[in-house]
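Novice: The structure follows.
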Amino acid sequence: MTAKDHLIIFDTTLRDGEQSPGASMTRDEKVRIAKALERMRVDVIEAGFPIASPGDFDAVKAVAETVKESRVCGLARALDKDIDRAGEALAGANAGRIHTFIATSPIHMQRKLNMSPDQVLAQAVHAVQRARRYTDDVEFSPEDAGRSEIDFLCRVLEAVIDAGAGTVNIPDTVGYNIPDQFGSLIRTLRERIPNADKAIFSVHCHNDLGLAVANSLAAVRNGARQVECTINGLGERAGNAALEEIVMTVRTRQDLFDCQTRLDTTQIMNCSRLVSGITGFAVQPNKAVVGANAFAHESGIHQDGVLKHRETYEIMRAEDVGWNANRMVMGKHSGRNAFRTRLQELGIVMGSEEELNAAFSRFKDLADKKHEIFDEDLQALVTDATLDAANERVKLVSLRVCSETGETPCANLVLMFDGEELAGTASGGGPVDATFKAIETIVDSGTVLKLYSVNAITSGTDAQGEVTVRLERGGRIVNGQGADTDIVIASAKAYINACNKILQPAHRAHPQTGDV
């Protein structure tokens, strides 16, 4: 493919996706997702906002030093301290990019920045020039471009391209645009800016009106050659353009798009499940491409048509995005090699032999409880195994819950807390409530429960339940996850996982100090 034909996929799940309230990720979780994105052959991975906190800096640095095949990007406001910090975080990257931005819409310049247009222009140019000290690959975004004045936008973009920005990104920061309007904006900018041919035009669309994907595709049809998107459309407010929808639309409608991506689309489902599991944001069943019902047919007419000829009702194959038509069902007689092989086929790479052994031990325990173990079970099992490795001040030793008609549920448990076994007892409105209260008699986390969510991983009465717990303390929000065939135990695991996170030093601020 020539450069013109290549549509660059810029994934910002680790940066903009993390700005969803409650979706904060640890460094190790970011690295796991980055590895999955690399296996999918994503072109650019925006790993975070290094200036936001020491923790975010460490996460970007870890991703930059781990990923070798994809380009790793760090976000920076058009400030020297931001750019320098991003440069430091990306120093170990095989291929790094600094993405700097400043607002250009009248409302942002006047109300947020208190800067004149000339001051904004000068700051934008200075930021690009400073970023060039660290890398030849610099991207510039005029924040809130969708509501910026076209003449001023042209002036700024021409100037930053002259200053060395190889990519100029046009963000619809507040999801205000509609497809015809946004596509026309991209075409106009490319026609009016004299040096437009010296930069790749990118777009970053938010989904406030449900138009992020449509706006992004309209931009591609009008010459944009990079799309910034996230797995499952994750992101603050209503989210971002969904990577899987962008990629599969371009692939499916090659009659309309004169470009194509380089992604291994068979990795889409693995990435979707991983991101959902880590963030606790479940994928709705009717979500395009990755939802449980995306390739399901219940109508008799549809079923008949698909059986006769698949293309009658399916415009893409489930296998092409990683749904496994012939899934290997594993059980208690499956050996270590079969377990390892299936994990590799699912794109799951264990960090060490010790991690593999721990995951295999959990697999055997699950096989004693559940006759058939599916791919979704393995995904949850590995996620559950890695949760324990990060921050284990608190561990569940044993749990006994009594719940019967006409009686108040009661929970008795033993926790290992900082190396000491402690017992706790509490009653509550239900078995889960009692369990959480019993945990608090020992941990005393001082948190408020913001979310409790349960999802069945597979069908059947013996299915694992995957629980997400969201806790808040002093403005800090963390997610905890747990999975088990016993929903009360899964709930306890999730609550303890969240407690372990909240008990760690608050070295990571939520990266909300700026957005594009």
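No value in this document is a laboratory result; all are computed from the given coordinates. In this text the structure is predicted, and so the values were computed from the model without any measurement. As a convention, Cβ positions derive from the backbone with ideal geometry for all residues, glycine included, and neighbour counts pool all protein chains shown.
Novice: Taking the stretch 405-482, which GluC sites (Glu not before Pro) meet the DSSP loop condition and have no more than 11 other C-beta atoms within 10 Å?
Specialist: Answer in residue order: GLU407.
Novice: Please list, in order, the residues from the stretch 396-426 whose amide nitrogen is less than 20 Å from a point placed 7 Å along the Cα→Cβ vector of TYR452.
Specialist: The answer is 396-415, 424-426.
Novice: What is the distance in Å between the Cα centroid of the stretch 146-197 and that of the stretch 430-459?
Specialist: 48 Å
Novice: Angle check, please: helix 27-39 long axis (alpha carbons) against the longest principal axis of the chain (alpha carbons), in degrees 0 to 90, nearest 10.
Specialist: 70 degrees
Novice: Nearest 5 percent is fine: what portion of the DSSP beta bridges confined to the chain is antiparallel?
Specialist: 50 percent
Novice: What nm value, rounded to one decimal, do you get for the distance between GLN254 and ILE107 when each label is placed 7 Å out toward the C-beta?
Specialist: For GLN254 paired with ILE107, the spin-label model returns 4.2 nm.
Novice: Any idea what angle helix 179-192 forms with the longest principal axis of the chain, computed on alpha-carbon atoms, 0 to 90 degrees, nearest 10?
Specialist: For helix 179-192, the angle is close to 40 degrees.
Novice: Could you pull out the pairs from LYS364/LYS437; LYS61/LYS450; LYS364/LYS493; LYS287/LYS364; LYS437/LYS501; LYS395/LYS501 whose alpha carbons sit more than 23 Å apart here?
Specialist: Over 23 Å apart, Cα to Cα: LYS364/LYS437; LYS61/LYS450; LYS287/LYS364.
Novice: Just to confirm my numbers, what's the Cα centroid distance between the stretch 66-115 and the stretch 265-296 in Å?
Specialist: So the separation of the two Cα centres works out to 29 Å.
Novice: Then there's this: Note the angle between two axes, namely the Cα long axis of helix 117-131 and the longest principal axis of the Cα atoms of the chain, as a number of degrees from 0 to 90, rounded to the nearest 10.
Specialist: Result, in degrees: 70.
Novice: Figure the gain on full extension for ARG340 and ARG317 (residue separation times 0.36 nm, minus the Cα-Cα span) and round it to one decimal in nm.
Specialist: In short, 5.6 nm is gained.
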